[in-house]
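Worksheet: one structure, shown below.
The values are calculated or read from the model by the stated rules, or taken from the named source; none is laboratory data. As the structure is a prediction and not an experimental result, all values here were calculated from the model. Neighbour counts run over all protein chains shown; Cβ positions are idealised from the backbone, glycine included. SASA here: full protein model, heavy atoms, side chains in, ligands and nucleic acids out. Shrake-Rupley method; radii C 1.70, N 1.55, O 1.52, S 1.80 Å.
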Amino acid sequence: MSCVIRAVDIRKIYSMGEVEVRALDGVSAEIESGELLSIIGPSGSGKSTLMNIIGCLDIPTSGHIEIDGVRTSGMSEKELSNIRGKKVGFVFQQYNLLSYLTVIENVALPLIYQNVGSRERLERAAAALEKVGLSNRLHHLPRELSGGQKQRTAIARSIVAEPSIILADEPTGALDSRTGLEIMSLFAKLNEDGATIIIVTHDNSIAGMCRRTIRIKDGRIDE
């Protein structure tokens, strides 16, 4: 296995008036290709900040991230956007689906930014939805779906561009325990298919379903 993500002495400091908040305070970690990993910690521990930095949604105050051996520090927003589009898929607790688009249109959305033609977009979106068991919901609107179906749609959207890394921030947080287990089983299957999956959670039972856990407390890795 090769190292797909390396975080080196990551610090993220926010200034709130005269108060300095250290969201991350010297975090270093390596994540291997093909891992199913959880990052766990209480609310405010810095785990979501770390995920956003790993996914190039945010930049650290100091330290650096390497993705596939390439440092992201100093990259332009266009270069960071290119990494997000090609290498990383995102899944969020609140799904982030557009209410006026159908399921298949929501899933196809990331491919628009990669200039994929409309016919291929829909074909690839349909294939991604088949992987998550939603082939019978292609033309429904988000309001017509259950919470679990919305999260499956969000997962299909995260894999439609075939990224090597999937970052999921509290993906079961808005779901009942049974549906949460179904979503975790789906992540396990995607991991078996080769994706590196990082799940941010505060739930020990969810973290326990992953092969390795990084615990964060007060912006530091808590061994």
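Against the numbered list (1) farther than 23 Å from Ser158 by Cα; (2) loosely packed, with under 13 Cβ neighbours inside 10 Å; (3) hydrophobic (A, V, I, L, M, F, W, C), Ile10 comes up short only at (2). Among all residues of the range 44-61, there is at least one that is of a type in the set (Asp, Glu), within 19 Å of the chain's Cα centre (by Cα) and over 22 Å from Gly194 (Cα atoms). For the range 26-115, the strands (runs of 3 or more DSSP E) that sit wholly inside it and include 1 or more residues that are over 22 Å from Ile10 (Cα atoms) and not aliphatic (A, V, I, L, M) are 88-92. Which of the residues belonging to the range 191-201 are touching a residue at least 40 places away in the same chain (Cβ under 8 Å) and surrounded by fewer than 21 Cβ atoms within 10 Å (Cβ to Cβ)? Hits for the range 191-201 are Asn191, Gly194. Residues in the range 171-198 that are under 25 Å from Tyr113 (Cβ atoms) and not polar (S, T, N, Q): Pro171, Leu186, Phe187, Leu190, Asp193, Gly194, Ala195, Ile197, Ile198.
What tally of residues in the range 62-103 results from selecting those that are over 30 Å from Arg143 (Cα atoms), out of contact with any helix residue (DSSP H, G or I) (no Cβ under 7 Å at 6 or more places or on another chain), of a type outside the set (D, E, K, R) and surrounded by 13 or more Cβ atoms within 10 Å (Cβ to Cβ)? Qualifying residue count, the range 62-103: 7. Among residues of the range 53-74 that are closer than 17 Å to Ser33 by Cα, those with a Cβ under 7 angstrom from a residue that is in a loop (DSSP other than H, G, I, E, B) and of a type in the set (S, T, N, Q), sequence gap 6+ or separate chain, pair up as Ile65/Thr72.
Specify which of the listed residues (Leu122, Leu141) is open to solvent by 60 Å² or more (accessible area, probe 1.4 Å) and under 27 Å from Met184 (Cα atoms). Let's see the steps before the verdict.
On the way: Leu141 fails: open to solvent by 60 Å² or more (accessible area, probe 1.4 Å).
Answer to the selection: Leu122.
Answer with yes or no whether Ile199 is modelled with pLDDT of 95 or more, more than 24 Å from Glu105 (Cα to Cα) and not in a helix (DSSP H, G or I). Spell out how you get there, then give the answer.
Working: modelled with pLDDT of 95 or more: yes; more than 24 Å from Glu105 (Cα to Cα): yes; not in a helix (DSSP H, G or I): yes.
For Ile199, the condition - modelled with pLDDT of 95 or more, more than 24 Å from Glu105 (Cα to Cα) and not in a helix (DSSP H, G or I) - is met.
Tell me, which residue of the range 161-181 that is hydrophobic (A, V, I, L, M, F, W, C) and free of Cβ contacts under 8 Å to residues at least 60 places away in the same chain is least open to solvent (accessible area, probe 1.4 Å)? Filtering first and then ranking leaves Leu175.
For every residue, the table says whether it meets (1) touching a strand residue (DSSP E or B) at 6+ places or on another chain (Cβ under 6 Å); (2) part of a loop (DSSP other than H, G, I, E, B); (3) open to solvent by 30 Å² or more (accessible area, probe 1.4 Å).
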{"position": "Ala156", "(1), (2), (3)": "no, no, no"}
{"position": "Ile183", "(1), (2), (3)": "no, no, no"}
{"position": "Ser205", "(1), (2), (3)": "no, no, yes"}
{"position": "Ile214", "(1), (2), (3)": "yes, no, no"}
